[in-house]
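S.K.: Shown below is the structure under consideration.
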Amino acid sequence: MGVCCYYDGEYERAIEALEPILHKLKAFAPHELAVYYYSVADSYFRLNKYIDAVPFYEKHTLLCYNNEKGDSLFRIGICYRCLGDIEIAQEYFVEALAYFRRYNDTDRLKYVERELERSTDN
């Protein structure tokens, strides 16, 4: 239900449905759990609740496949940039770049490189 709400753009409902039960989902495969954590993280992100999004993105990076880590690392960087901590944001952007390079995601790589340049200009 929570994932459906997330995909429908009902971010508050997604959070309400998923966050309270995440700790009870131990029997699920790590990658499946990663989807739930990402849904909560990205819901918070899209609601501009960056401080709330970070721990869920971090948990996602521990559970997801390696080729999916760059996205969460990049979004953590955006969260920190929006929170005003440019130095930490840059660290996450650099880490995201490494994953996008490793998995040949050239579109995402260019986007993150632009964000990293933008953050160093400020």
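Each reported figure results from applying straightforward, stated rules to the coordinates on display, with no laboratory input. Only a predicted model underlies this, so the values are computations on that prediction, with no experimental measurement involved. So basically every Cβ, Gly included, is an ideal-geometry build from the backbone, and we count neighbours across all protein chains shown.
S.K.: Summing Lys, Arg as +1 and Asp, Glu as -1, what charge do residues with Cβ under 10 Å from the Cβ of Tyr99 carry, Tyr99 excluded?
M.R.: Charge balance in the 10 Å sphere: 0.
S.K.: Aspartates and glutamates near Lys110 by alpha-carbon distance under 17 Å, same-chain residues fewer than 8 away left out - which ones?
M.R.: Glu68, Asp71, Glu91, Glu95, Asp121
S.K.: Find the relative contact order for the chain and round it to a whole percent, using C-alpha pairs within less than 8 Å whose residues are 6+ positions apart.
M.R.: After rounding, I find 17 percent.
S.K.: Counting each DSSP H run of 4 or more residues in the chain as -39500 (n - 2.57), what helix-only mean residue ellipticity at 222 nm follows after dividing by all residues, to the nearest 500 deg cm²/dmol? Kindly include the intermediate steps, with their values, before the conclusion.
M.R.: On the way: 7 runs with 92 residues, N = 122.
Result for the chain, helices only: -24000 deg cm²/dmol.
S.K.: Specify the angular offset, from 0 to 90 degrees and rounded to the nearest 10, of the alpha carbon long axis of helix 50-63 from the longest principal axis of the alpha carbons in the chain.
M.R.: For helix 50-63, the angle is close to 80 degrees.
S.K.: Take the Cα pairs of the stretch 1-64, get the Kirkwood Rh, then feed it into Stokes-Einstein at 37 °C and 0.692 mPa s and tell me D in µm²/s. Walk me through the numbers on the way to the answer.
M.R.: Working: Rh = 11.3 Å.
Rounded to a whole number, D works out at 291 µm²/s.
S.K.: While we're looking at this one, here's another question. What is the packing order of peptides 18-27, 83-92, 60-69, taking the mean over residues of other C-beta atoms within 10 Å and listing the highest first?
M.R.: The most tightly packed comes first, giving 60-69, 83-92, 18-27.
S.K.: Hey, another quick one. Only Cα pairs under 8 Å and at least 6 apart count here; give the relative contact order of the stretch 1-64 as a rounded whole percent.
M.R.: Relative contact order of the stretch 1-64: 33 percent.
S.K.: Tell me the net charge near Ala53. Cut-off is 15 Å between Cβ atoms, Ala53 excluded, with +1 for each Lys or Arg and -1 for each Asp or Glu.
M.R.: Details: positive: Arg46, Lys49, Lys59, Arg75, Arg81; negative: Glu12, Glu19, Asp42, Asp52, Glu58, Asp71, Asp85.
Summing Lys/Arg as +1 and Asp/Glu as -1 gives -2.
S.K.: Per 0.36 nm of contour for each residue apart, how much would the distance between Leu25 and Cys4 grow if the chain were fully extended, relative to their Cα-Cα spacing?
M.R.: 5.8 nm
S.K.: Go through [x] 1.22; [y] 0.96; [z] 1.06 and flag the label whose value is the computed Cα Rg over 2.2 N^0.38 Å for this structure.
M.R.: Only one option fits the structure, namely [z].
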